[in-house]
Amino acid sequence: MAPLTRGDWIEAALVVLEEDGPGAVGMEQVARHLGITKGSAYHHFGGRDDLLRAALQAWDRVHTRELFAEMEGLTDPRERITQLFLQTASKPQTVWAKLVAAADDAVVGEIVQTVAQARVDFVERALRDLGLTRAAAHRRALVAYATHLGLAQLTVELPNELADASARRRFAREALELLLP
């Protein structure tokens, strides 16, 4: 078996994160998932926080940064917001709900704040492109983000209410009707 790379450890940490939440991401737990001992992890990471931070940064890149890059290609700001809402609503937001719930962990809290601010800023820019003032766009972006958090929490607390993607998209469309100018 070839030696595991840093990327292998990060991918395995992401699986553990998605299945069991950020509290379960540690050298031993990820090694168990990989079916090996934890020793080789220390060749790539200084410890649990380093591994968790790397996994969360990878998660952020895929679920925030790459999504935003895709949405930035849309020239119509209304379409940017609509597609962002529909794409995020089409998938259960259980990982995000787990991250928000674990934000008292310093490493998790750091990424939660970074991602939350990026999400608010993205929506605020699109709303400003629609002609809203900076203050009005910021307030609506906060409401949009609070709606996103609510949807994430509902998928955890009331999973039957929004169990399928079509129900979540319907929710997103109704929220957009209230949020967009």
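The values are calculated or read from the model by the stated rules, or taken from the named source; none is laboratory data. Being a predicted model, the structure only gives us computed values, none of them experimental. Heads up, the Cβs are rebuilt from the backbone with ideal geometry, glycines too, and the neighbour counts pull from every protein chain shown. Accessible surface areas use protein heavy atoms only, side chains included; no ligands, DNA or RNA. Shrake-Rupley method; radii C 1.70, N 1.55, O 1.52, S 1.80 Å.
If you build a Gaussian network model of the chain, linking Cα atoms that sit under 10 Å apart, which residue out of Leu74, Leu162, Leu17 swings the most? Greatest mean-square fluctuation among the candidates belongs to Leu74.
The charge dipole of region 101-178, taken about its Cα centre with unit charges on the Cβ atoms of Lys, Arg (+1), Asp and Glu (-1) only, comes to about 460 debye. Per residue, region 1-118 exposes an accessible area of 50 Å² to a 1.4 Å probe, with every protein chain left in place. Would you please name the GluC sites (Glu not before Pro) within region 95-181 that are DSSP coil residues with at most 13 other C-beta atoms within 10 Å of their C-beta? Counting only loop positions with at most 13 other Cβ atoms within 10 Å, the GluC sites (Glu not before Pro) in region 95-181 are Glu161. Placing +1 on each Lys and Arg Cβ and -1 on each Asp and Glu Cβ, with no other charges, gives the chain a dipole about its Cα centre of roughly 400 debye.
Ranking Leu178, Thr94, His44 by how far each Cα lies toward the positive end of the dipole of the chain (charges on Cβ) leaves Leu178 at the top. Helix-only arithmetic for the chain: the sum of -39500 (n - 2.57) across DSSP H runs with n ≥ 4, divided by the residue total, places the mean residue ellipticity at 222 nm at -22500 deg cm²/dmol.
Relative intensity of region 108-156 on a log10 scale, I(q)/I(0) at q = 0.12, 0.16, 0.22, 0.32 Å⁻¹, equals -0.28, -0.47, -0.77, -1.08, per a Debye sum over C-alpha point scatterers of equal strength in the absence of solvent.
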